[in-house]
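Note sheet for the following structure.
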Amino acid sequence: MRLTPPILWRSKGSFYQLVASKCEECGKFTFPVQSVCMHCGSSKVIQEKLSGRGKVVSFTVNYQHRTGFEKEMPQIIGLIELEEGITITAPIVEVSPDELKEGTEVTACLRRARADSTNGLIQYIFKFRPV
Amino acid sequence: MSKVYIAGASMTKVDRHYDMGINELYLETFQGLRNTVKEWIKPDTLIVANTYGEAVENSLALGEKLASTSSLQGIRTFRVENGDASGGAAIDLAFTLVKSGVSKTVLVSGVEKTSDYPSKYMTEFYSKTLNKYEFYSGINPASIAALMMNMYMKKYGKDSSYFAKWPIRMHSNAVENPYAYLKFKIDENTYYNSQVISSPLRLFDSGARADGAASVIVTDEENARKISDSPIEILGVSTSSYCYQPELTLPAVKDSFSNVTNKLGGVPKIIEIHDSYSILAALVLESSGLSKYGSSLDDIPDGVNLSGGLKARGYPGGATGIYQLGEIYMQLAGTFPGKRETGESGAIISTGELGSSAYSVVLVRK
Ligand SMILES: [Zn+2]
């Protein structure tokens, strides 16, 4: 068993809504969301839903698959700089590697990640696609 | 505060050991130690470095189990897990216990089995060191290394032939090491003919994961003299840990290596580093100050990874750091059966797969 409802439920901010924590002391973002700022240690953080818009800094085409992700191969993984200034590593979909370029503008979209064959639970997560 | 010594080391060949499990691999190094020491002193502590025990052998409580297996009854036991830096973490713990006087003699054993399952199953486990979003979205560490490689090539104006230099050197070193997994030379063609794992990163940019075990006796001065005629002192261990950031400096390596080499007052020439990927080798060499930023692989220092490194000696997960320590001990004791360099001091840098935790250790022959 890989997935259980509580894990997905308590991760809904990070997996489905792109919620980050924003520090009121140093102004920096921490993603996935948490109650302490990763950069300065302050607990004065608020949750903020990110816009989901950003641009591709770099990307790789991955051929090494993990259990449950076989159908997604090859998979494009990008380093994406979001409008808010935070950089995250995430899958990029609905584009072929030949069309994708550094600087391509992308936006977050909710997509299927994988299913757990033992209990039938399907997990979704946000990925990115070109605008 | 006691001085801390290594008084013996034993390792198995890194390989696909289908006939041996965690127990058998550990016992081979345990017997190896007993056969080579001047006097066998029962350790008061066993520390097991292991990362994937529950994934591959459905086995937990390895400290207790391996102590019982080797008839070390009634002693203090630990299993240490910190991703592929588990070996370095175990060494840090052993050093601290002996230095403080809590333990007199510690057996530190790294053991790992990774070849029993298909690679997609193991890649799933290797990916568990990533953050929660990355793991659940299907990313694996090789893709993050590939992104670092892209950033490096862009910043320093390099192409992939720059990275081919690393596996070529590592395979050349491994040819002479009887404990190495991949004992064959390669050239640039071999590199370019190898499969792309996550573009531009190729199979020959990746450490060769396989099974292995290594054991080292860490002890105080009194017992060191009884166990060995040529004990090697562990001058210091320094540890640092940071959250992974997509940057071309590894702050954990920089901090820990400068702390520990300051104690020595110089930088050892014989050194084993954690080259999980060619790009990580470059970043470790540069962040530690062993090489200049942007050109480390153009001029790889001679005494680095004489074993063949993770690339060619092989990459037995959490046991890797214990291999590195055993190799440097043997180099300084003059008993390493592979390529050798002479020197009065040596070092290891044990890190996780992407370099966010680092354990730097300096050894000296006195
Ligand atoms: Zn802050």
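The values are calculated or read from the model by the stated rules, or taken from the named source; none is laboratory data. Nothing here was measured: the structure is a model prediction, and the numbers come from that model. Cβ: placed from backbone, ideal geometry, glycine included. Neighbour counts: every protein chain shown. In case anyone asks, the SASA skips ligands and DNA or RNA and just uses the protein heavy atoms, side chains included. Shrake-Rupley method; radii C 1.70, N 1.55, O 1.52, S 1.80 Å.
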**Per-region count, segment B:52-95, residues open to solvent by 10 Å² or more (accessible area, probe 1.4 Å), assigned to a helix (DSSP H, G or I) and closer than 21 Å to residue B:2 by Cβ** = 4
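Taking segment B:134-143 only, how many residues are more than 7 Å from chain A (Cβ to nearest Cβ) and open to solvent by less than 10 Å² (accessible area, probe 1.4 Å)? Give the steps one after another, and end with the answer.
Of all residues in segment B:134-143, those more than 7 Å from chain A (Cβ to nearest Cβ) come to B:135, B:141.
Now drop any that are not open to solvent by less than 10 Å² (accessible area, probe 1.4 Å), which leaves B:141.
Here the count works out to 1.
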**Asked** What is the one condition in (1) β-branched (Val, Ile, Thr); (2) closer than 23 Å to residue B:247 by Cβ; (3) within 13 Å of chain B (Cβ to nearest Cβ) that residue A:125 does not satisfy?
**Response** (2)
**Message:** I'd like to know if segment A:35-53 contains one or more residues that are within 12 Å of the chain's Cα centre (by Cα), away from every other protein chain (no Cβ under 13 Å) and open to solvent by less than 60 Å² (accessible area, probe 1.4 Å).
**Reply:** yes
**Request:** Identify, from the list A:21, A:96, the residue that is free of Cβ contacts under 8 Å to residues at least 40 places away in the same chain, more than 15 Å from the chain's Cα centre (by Cα) and either within 16 Å of the ligand (Cβ to nearest atom) or within 25 Å of residue B:150 (Cβ to Cβ) (or both).
**Result:** A:96
**Message:** Can you find a residue that is assigned to a helix (DSSP H, G or I), among the acidic types (Asp, Glu) and under 24 Å from the mean Cα position of the chain (by Cα) anywhere in segment B:114-128?
**Reply:** yes
**Request:** Considering only segment B:80-127, state which residues are β-branched (Val, Ile, Thr) and away from every other protein chain (no Cβ under 14 Å).
**Result:** B:80, B:91, B:96, B:98, B:102, B:105, B:106, B:108, B:111, B:114
**Item:** Residue satisfying condition, being open to solvent by less than 40 Å² (accessible area, probe 1.4 Å), touching a residue at least 12 places away in the same chain (Cβ under 8 Å), away from the ligand (no atom under 12 Å from the Cβ) and not assigned by TED's automatic domain parsing to the domain that holds residue A:85, within set A:5, A:32
**Value:** A:32
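Closer than 29 Å to residue A:16 by Cα, in a helix (DSSP H, G or I) and open to solvent by less than 20 Å² (accessible area, probe 1.4 Å): does that describe residue B:146? Let's see the steps before the verdict.
Values: closer than 29 Å to residue A:16 by Cα: yes; in a helix (DSSP H, G or I): yes; open to solvent by less than 20 Å² (accessible area, probe 1.4 Å): yes.
Taking the combined requirement at face value, the residue satisfies it.
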